Amino acid sequence: MTGKAVNRFRSGTLFSGVVQSAGVFALAALLAYTVNHFRNDGIPWIADWSPEARLKAAAGDNLVIPLDQAIKLFDTSEAVFVDARSPDLFAQGHISGSLNIPWDQVYDYLDRFFEKAPDPNSIIITYCDGEACSLSEHLALMLRDMGYKNAMVLVNGWTVWEGHQYPVEKGSRHGS
């Protein structure tokens with residue numbers, strides 16, 4: 001330290017500034033807490049950030065379909081399964097009979113979707129891979145906006161499906 005810096009620290013100017021800054025921060029935090037506490041729409045201190053809660057909040061109703069229900073719809077061929085991952089990942093493995101509509105190229109693939117699901121009342125199950133993957137969520141919300149009110153998301157779909165050893169296919173960069 002230089003002589004001036006030592007003198008400033010010793011005189012308490014720097015120490016006083018740090019203490020004042022900490023006091024302002026504490027006062028701001030207390031004020032924010034108080035205002036949040038008394039608001040009807042306050043932000044929760046602890047929230048459910050699971051994909052299921054996030055998807056319910058985003059759509060107003062629950063977009064998530066449980067695995068057992070998805071299996072029943074698969075077995076009865078009542079649902080159209082749509083993989084939102086890239087064509088390369090789709091080719092490495094996908095739910096049998098699913099259609100590949102990669103989110104980053106969605107408009108290039110929509111014609112194929114409309115051919116497979118011309119009825120807006122069709123049950124659509126979108127999936128991608130990983131609990132944090134939001135591609136299937138975006139796709140399901142877009143399809144809902146387009147009138148497909150039965151579009152749902154199988155959270156962590158590929159991993160869960162494959163892990164339970166349900167029917168899968170490999171190859172085909174586009175799907176059925």
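The values are calculated or read from the model by the stated rules, or taken from the named source; none is laboratory data. Only a predicted model underlies this, so the values are computations on that prediction, with no experimental measurement involved. In this analysis, Cβ positions are derived from the backbone assuming ideal geometry, glycine residues included, and neighbour counts consider all displayed protein chains.
When the residues of region 89-108 are narrowed to those that are part of a helix (DSSP H, G or I) and under 21 Å from the mean Cα position of the chain (by Cα), which ends up farthest from Trp161 (Cα to Cα)?
My answer is Tyr107.
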* Which of the residues belonging to region 60-80 are surrounded by 11 or more Cβ atoms within 10 Å (Cβ to Cβ), over 14 Å from Gly157 (Cα atoms) and of a type in the set (S, T, N, Q)? -> Asn62
* To do: Working only within region 103-114, note down all residues that are in contact with a Leu (Cβ under 9 Å, 6 or more places away or on another chain) and either charged (D, E, K, R) or outside the structural domain of Ala84 (by TED's automatic domain parsing) (or both).
  => Asp104, Arg112
* Run down Ala132, Ala151 and say which single residue is in contact with a Pro (Cβ under 9 Å, 6 or more places away or on another chain) and either more than 27 Å from Asp61 (Cβ to Cβ) or not hydroxyl-bearing (Ser, Thr, Tyr) (or both). => Ala132
* In this structure, is Ala70 under 29 Å from the mean Cα position of the chain (by Cα), within 24 Å of Leu110 (Cβ to Cβ) and at pLDDT below 75? -> no
